[in-house]
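Here the structure comes first, spelled out in structure tokens, and everything after it is commentary.
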Ligand code: HEM
């Protein structure tokens, strides 16, 4: 990983986070416009509970968005190596950043929203499917994150490691189920601000693109370095 690739990933992650603050947090559902005062109220903790709740949603959206970007680059770089091959250099850092946001969101939700109460999470939760889906997604993303080093690949063996990485798409599917179940309200349908819906669309696109790859006979990668753009692949 070169310094410029790391800096590029950082700029991208920061841009996604700031864009969420501006286009999601500052969006006013009633007037359907961007209201900067809404963002200022959140940033300056006018109502601390509201600020934490908003930051939790921003973290959730940053997580699903960044992880989708890290995943979608894989199939796209196989389908269109010239256009997307270079982006492989950023996928590891962007994926890890996505996982860190998922970790913050999960921890806040488990401790503050559910108060670590199994009844609230599962037994008395009408949206228990959304909770189970979140837990499965988190567990898979966790294992993907801790095995994202060349050392881990050596220890696990490439075939097992690649299988685990492929389950990332199942985890993204679980995250989409979680998103839709938790944000669907009776009588209102999917109740998410437009910029949030864009992140849902991105995740669904990543899944569709991966399924599309099944129908193409793209060459298989044969080593960890190829997944993160650190070798010149035959197909790129
Ligand atoms: C055990 C782990 C998790 C728990 C307990 C959890 C819990 C929650 C809760 C309670 C909400 C509703 C928040 C609110 O309306 O204020 C939510 C929303 C959401 N979660 Fe999770 N979550 C977990 C893991 C994840 C993961 C791994 C992802 C994605 C990578 C994710 C993505 C989302 C998204 C995108 C939303 C919708 C945000 C919005 O627009 O309001 N969650 N989650």
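Spot the failing condition for residue 205; the list is (1) under 24 Å from residue 13 (Cα atoms); (2) touching a residue at least 40 places away in the same chain (Cβ under 8 Å); (3) within 11 Å of the ligand (Cβ to nearest atom), and only one is missed.
Every listed condition holds for residue 205 apart from (3).
Go over the candidates 80, 44 one by one and state the one that is under 18 Å from residue 205 (Cα atoms), free of Cβ contacts under 8 Å to residues at least 12 places away in the same chain and out of contact with any strand residue (DSSP E or B) (no Cβ under 6 Å at 6 or more places or on another chain).
Details: 44 fails: under 18 Å from residue 205 (Cα atoms).
Just one listed residue meets the conditions, 80.
Scan 150, 133, 60 and give me the residue that is within 13 Å of the chain's Cα centre (by Cα) and touching a residue at least 24 places away in the same chain (Cβ under 8 Å). Write out each step before concluding.
Details: 150 fails: within 13 Å of the chain's Cα centre (by Cα); 133 fails: within 13 Å of the chain's Cα centre (by Cα).
On inspection, the qualifying residue turns out to be 60.
For the subset of segment 117-130 comprising residues that are near the ligand (Cβ under 10 Å from one of its atoms) and touching a residue at least 40 places away in the same chain (Cβ under 8 Å), which member is nearest to the chain's Cα centre (by Cα)?
Start the filter on segment 117-130 by keeping residues that are near the ligand (Cβ under 10 Å from one of its atoms), which leaves 120-121, 125, 127, 130.
Within this subset, residues satisfying the condition of being touching a residue at least 40 places away in the same chain (Cβ under 8 Å) are 127, 130.
Working: 127: 21, 130: 16 Å.
Step by step, filter segment 117-130, then rank; the result is 130.
Which residues, taken from segment 79-116, are closer than 23 Å to residue 59 by Cβ and away from the ligand (no atom under 16 Å from the Cβ)?
Answer for segment 79-116, where residues must be closer than 23 Å to residue 59 by Cβ and away from the ligand (no atom under 16 Å from the Cβ): 90, 92, 93.
If only one of 136, 122 is in contact with a helix residue (DSSP H, G or I) (Cβ under 7 Å, 6 or more places away or on another chain), within 26 Å of residue 49 (Cα to Cα) and at pLDDT 95 or above, which one is it? Explain how you work it out, then say what you get.
Values: 136 fails: within 26 Å of residue 49 (Cα to Cα).
Within the list 136, 122, the selection yields 122.
Testing residue 89 on (1) free of Cβ contacts under 8 Å to residues at least 40 places away in the same chain; (2) farther than 23 Å from residue 173 by Cβ, one condition comes back false. Which one is that?
Just one mismatch for residue 89, condition (1).
Going by what's in this entry, would residue 34 be described as surrounded by 14 or more Cβ atoms within 10 Å (Cβ to Cβ), within 14 Å of the ligand (Cβ to nearest atom) and at pLDDT 95 or above?
On the way: surrounded by 14 or more Cβ atoms within 10 Å (Cβ to Cβ): yes; within 14 Å of the ligand (Cβ to nearest atom): no; at pLDDT 95 or above: yes.
Answer is no for this residue.
Please determine, by comparing only the residues of segment 37-54 that are under 13 Å from residue 22 (Cβ atoms) and touching a helix residue (DSSP H, G or I) at 6+ places or on another chain (Cβ under 7 Å), which one is surrounded by the fewest Cβ atoms within 10 Å (Cβ to Cβ).
Result: 38.
The values are calculated or read from the model by the stated rules, or taken from the named source; none is laboratory data. Treat the numbers as computed from the prediction; the structure is a model and nothing was measured. Methodologically, a virtual Cβ is constructed for each residue, glycine included, from the backbone with ideal geometry; neighbour enumeration extends over all protein chains shown.
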